[in-house]
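Remarks on the structure that follows.
The values are calculated or read from the model by the stated rules, or taken from the named source; none is laboratory data. It should be emphasised that the depicted structure is a prediction, and the values quoted were computed from it without experimental measurement. Glycine also receives a Cβ, built like all others from the backbone with ideal geometry; neighbour counts cover every protein chain displayed. In case anyone asks, the SASA skips ligands and DNA or RNA and just uses the protein heavy atoms, side chains included. Shrake-Rupley method; radii C 1.70, N 1.55, O 1.52, S 1.80 Å.
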Amino acid sequence: RLLQVHFLHYPIKIDDDNIAFCICDVAGKGVSAGMLMSNFQASLRTLISRDYDLETLVKALNEKFNSITNQFRYISMFIATYNIKSRKLRYVNAGHNHPILKNGKEYIRLTKGCPILGMLQDLGPIEIGEKTIEKDALLVMYTDGLSEIENENEEEFGVENIIEYIENNNELELSKFTNKLIDEIEIYKGNNEIFDDVSLLCARFFNAQ
């Protein structure tokens, strides 16, 4: 397979009632980009353990990334926290592709947030998104390498195809849902090469035990 797939089996546990999860896309390729991503992941795990609210956490991550790159690189990020009792999802989208949330019969693009990380010293006000999650809601997060995959007619797979796929397959068990989406993208691209990294992160929300 040519695509990198991430399953949400191990979110970051904040406490007994709250978890966090995140998808990022660092600019560039190769070893240097991989090292930046590893460093960013380590910073995230360290900072999230300090019980910061989302706005403070995102600003701290931006400061940390700027201190490493001196504003010569940037990273897009979608980060969310979820309370399993209140069923509240709170999120920040920092210049990342808009995740798609199927919440009941609604399809919602999660757009609220701030500029991409690493480009500005001061992110300014950060808009926190919040949704109350219904049972069996499905969240699909991805990098632009997925939505921008082209077929042999140079047509991008695009967001609308992702939404159509969710609508037709949302009742599948999560791993089957993800694997089938990858299969469909492989078929869509035909013999075209993939020139960008592709990551996919999917989450289904059940009732609290």
Item checked: Relative contact order computed over the chain (Cα-Cα under 8 Å; 6+ residues apart), in percent -> 24
Note to self: Could you identify which residue out of Glu148, Glu164, Glu130 has the top mean-square fluctuation in a GNM of the chain using Cα springs shorter than 10 Å?
What the structure shows: Glu164
Next item on the list: Before anything else, pin down the relative contact order of region 12-122: Cα pairs under 8 Å, at least 6 apart, normalised by residue count, whole percent.
Entry: 29
Item checked: Cα coordinate range in region 88-209, projected on the principal axes (Å, largest first) -> 44, 42, 21
Check: What dipole magnitude, in Debye to the nearest 20, does the chain give about its Cα centre under +1 on Lys/Arg Cβ and -1 on Asp/Glu Cβ?
Finding: 960
Next item on the list: Could you check how much of the accessible area of the chain is carbon and sulfur, as a whole percent, using a 1.4 Å probe?
Entry: 47
Next item on the list: Set Lys and Arg Cβ to +1 and Asp and Glu Cβ to -1, take the dipole of the chain about its Cα centre, and tell me which of Ser76, Ile19, Gly34 lies farthest positive.
Entry: Ile19
Next item on the list: Mean Kyte-Doolittle of at least -0.5 plus a Cα span of 20 Å or more along the axis: flag which DSSP H helices in the chain meet both, please.
Entry: 30-48, 54-69, 174-189
